[in-house]
Amino acid sequence: MLRRQQGWLCVLLMVCFEAIADSGVAPAVAWDQLSLQQAELVFAGNNRDLLAAKRAIESAEADTLIAGQKPNPVLSLGLSSLNLNRGQGNKNQNGKRDLLDQTYNSAVQVTQLYERGDKRALRSAVAESAVKASRLDLGETYRQQALAMANAYFDLKLAQESLLIQQANVSSYEKTLQAAQLRLKAGDVASADVARIRVDALRASNDLRQAEATVQKAQAMLAYLLGKDQDASKLRVTDPWPALIAEPSANPAAEKDTGWLPQRPDVKAAEARMEQAQQTRKLAESLKVRDFTWSFAYQHFPGQEPGSAPDTIGASLSIPLFTNYQYEGEAARAEVGYTSAIEARERVQAAAIAEMRQAKADLDAAIDKNRRFDQSILREAQNAADAAEFAYKHGAMNVMDLLDARRILRTLQLEAVSVKADYAKSLSAWLAATRQAFVYQE
């Protein structure tokens, strides 16, 4: 049972997003009987942050096409040496005035930039590293949003159970008030006692209305994360609270175990960006390798006969001279970027370890509080409330003590479900902090 419940909590990190993306068919879901696993399937296909992260991958993939292309050649057409003498025009020495015999110089030239220093390969490497980082960013987005969705799921469950407690409380007060009014008519209780019960009944009605509003807000939050805002009012979660696990701190080696750290998508994304910065640094250094531009030209210049033929060809080669600037700024900026990427990786690793420790501390506390509630607090509070009801019915307790016992029981019941929700959310946070999240792949 424990293994099964842990399994569906782990689904928030390992759900089959690929199958949904490939099929393009949303699973049939009964919104009023929503399990956590169903919620995760809907979330994986419709969450807006995941869709935005996927668009970022597609944009990065388009950049790889740009980076890997050779520079295009340039075609130039030219016309020169036009004779402005209207009398003679542009006719050649033979007096011909056909288009190809006009005495102006026409030229067709093709120019091509030739890159050296592996610039194209380095640009492609930078772009590929950016794609890798974007894919890992999607994994991190999934990890964070899946955790937020699980928290919203358990918040709605907490709101639902709190609403049931408030409904039962209102019903109990209504019955007590009806009985008290009958006893008032019979002269068994004072009117002041009935007034106190009526005040508490009205307060319970206010608490019930607030609980209804809390359910509506929790439905709206979960629906937003699922990308199903139009179905918010239909949402009702059905999974039970997860069973308690052994405290992580019970294992002294647990805190020192960081085997999960390299598998976290945010850490891997930081590694990919460090690789990208390293390739960018190499690309900046390659700018110091001179590119050259060659060109090939064909010229048609009639009227030069017999000393020269009308058709000629030519070629040229252009090489930049680094006499004023040798790309020192680009190299320095790339070096700073690489150093920043290393520091960012260390910062992400430190943040991941801190997140794990915080999640473990919260989980330990939640387990401890749940055990106290399950083993003694609720049972003792229920016994005290039952005893107060019995004593009041037999005239051994006044109404104020009865109302106090009921308020204490209701408060503890609400606190108990809140503690269960804290445990469920802290368990989800601990699993999300220490396990590898899903990474989208085409």
Radius, Kirkwood style, for segment 187-337 when every pair of distinct Cα atoms is counted (Å): 26.6 Å
On the formula 1/(1 + (r/R0)^6), with r taken between the Cβ atoms of Ala220 and Asp118 and R0 of 51 Å, the FRET efficiency rounded to 0.05 is 0.40
How do Met221, Met149 stack up against each other in accessible area, from largest to smallest, with a 1.4 angstrom probe? Met221, Met149
Quick one: if the Förster radius is 41 Å, what FRET efficiency do Val74 and Glu346 give, using the C-beta to C-beta distance and rounding to 0.05? 0.30
Among 412-425, 134-147, how do they line up by average Cβ neighbours within 10 Å per residue, starting with the highest? 134-147, 412-425
Heavy-atom accessible area per residue of segment 95-203, all protein chains kept, 1.4 Å probe, expressed in Å², is 49 Å²
Partners for Lys228 among aspartates and glutamates (Cα-Cα distance below 16 Å; same-chain residues under 8 apart left out): Asp32, Glu40, Asp49
Rounded accessible area of Glu40 (nearest 10 Å², 1.4 Å probe): 0 Å²
Filtered hits (lysines, Cα-Cα < 23 Å from Lys369, offset >= 8 within chain) -> Lys157, Lys360, Lys420, Lys425
Accessible-area order for Arg198, Arg379, largest to smallest, probe 1.4 angstrom, reads Arg379, Arg198
Per the 1.4 Å probe, what fraction of the accessible area of segment 169-250, in percent, lies on carbon and sulfur atoms? 52 percent
If the cut-off is a Cα-Cα distance under 14 Å, which aspartates and glutamates reach Lys393, setting aside same-chain residues fewer than 8 apart in sequence? Asp188, Asp193, Asp401
log10 I(q)/I(0) for segment 109-232, Debye formula on C-alpha points only (no solvent), q = 0.11, 0.14, 0.19 Å⁻¹, two decimals, reads -0.66, -0.80, -1.01
Going from most exposed to least, what order do Ile57, Ile165 have by accessible area with a 1.4 Å probe? Ile165, Ile57
So what's the projected area for segment 180-250, the Cα convex hull averaged over all directions, in nm²? 9.9 nm²
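The values are calculated or read from the model by the stated rules, or taken from the named source; none is laboratory data. A quick note: this is a predicted structure, and the numbers were derived from the prediction, not measured. As a convention, Cβ positions derive from the backbone with ideal geometry for all residues, glycine included, and neighbour counts pool all protein chains shown. In case anyone asks, the SASA skips ligands and DNA or RNA and just uses the protein heavy atoms, side chains included. Shrake-Rupley method; radii C 1.70, N 1.55, O 1.52, S 1.80 Å.
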